[in-house]
Amino acid sequence: MRRITGILLAVCTALFMAVQTAFSAPAESGWEDRAQECFGYFMRQRGAEDFWDGLDSGATDWAAYCYARLYGADGAEEYAQSVERHVGELYSAGGFVRPTEYQRAAICITVTGGNPSLAARLGAFGCEILDRQGFNAYIWALIALNVTGIQPPEGAANTADTLTEYLIAHQHADGSFALMGDGGDVDITAAAVYALAGTDSPGAAEAAQRGADWLAGFDSYS
């Protein structure tokens with residue numbers, strides 16, 4: 001069961017990239033069938049007839065994001081509130097919280113009609129510990145800012161421009177990106193390209209194109 005859940009979560013995470021990208025997946029790629037498989041699994045787990053019935057923050061967040069992007073967020077109010085509560089609980093508990101927890105929350109709250117301001121502050125604007133999680137946190141901080149559209153407050157630790165500068169500074173000569181080392185990573189490059197393509201910060205468009213060109217060199221990916 002854990003393996004099945006992991007596979008479906010991986011599918012839902014991949015769908016994030018597919019449903020909000022400038023280059024749509026071709027119809028024959030089977031994305032909608034995979035999406036329905038993922039959504040159906042989580043509905044069966046809860047015995048729900050509607051996707052949003054009883055849905056809480058947690059392992060279903062990327063599925064919720066994809067569903068909202070594909071079919072709308074009608075009925076998602078309670079889910080959005082549950083994510084907001086989760087953010088508040090994490091913050092109140094203190095201690096180290098991975099920045100991507102807040103970044104994911106900000107993204108999912110936004111597309112389901114909630115208020116992402118606290119999550120965006122904790123995961124991006126006011127987050128001075130992105131380096132404790134690593135390069136991935138910088139990528140998703142920029143994605144979160146792109147999706148929420150919230151403008152940075154005065155004195156913000158991170159902005160779209162500074163995050164873009166950081167990503168560009170860590171782009172390999174061949175246009176790829178990686179969590180570490182010199183070899184390009186397809187998943188990380190795809191995420192970085194998506195982040196850069198969503199901002200108008202200086203140099204972002206060129207860096208995104210270089211990354212996309214590197215990805216285009218792969219005939220297939222599995």
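Stokes-Einstein, applied to the Kirkwood radius of segment 89-159 over Cα pairs at a viscosity of 0.890 mPa s and 25 °C, places its translational diffusion at 208 µm² s⁻¹.
Given a Förster radius of 30 Å and the C-beta distance between residue 187 and residue 71 as r, what FRET efficiency does 1/(1 + (r/R0)^6) yield to the nearest 0.05? Working shown, then result.
Details: r = 26 Å, r/R0 = 0.86.
With a Förster radius of 30 Å, E is 0.70.
Full extension of the chain between residue 48 and residue 174 yields a length gain of 40.6 nm, computed as 0.36 nm times the residue separation minus the alpha carbon distance.
We did not get these values from a lab; they are worked out from the coordinates using the rules stated. None of these values were measured; they are calculated from a predicted model. Cβ sites come from the backbone with ideal geometry, for glycine too, and all protein chains shown count toward neighbours.
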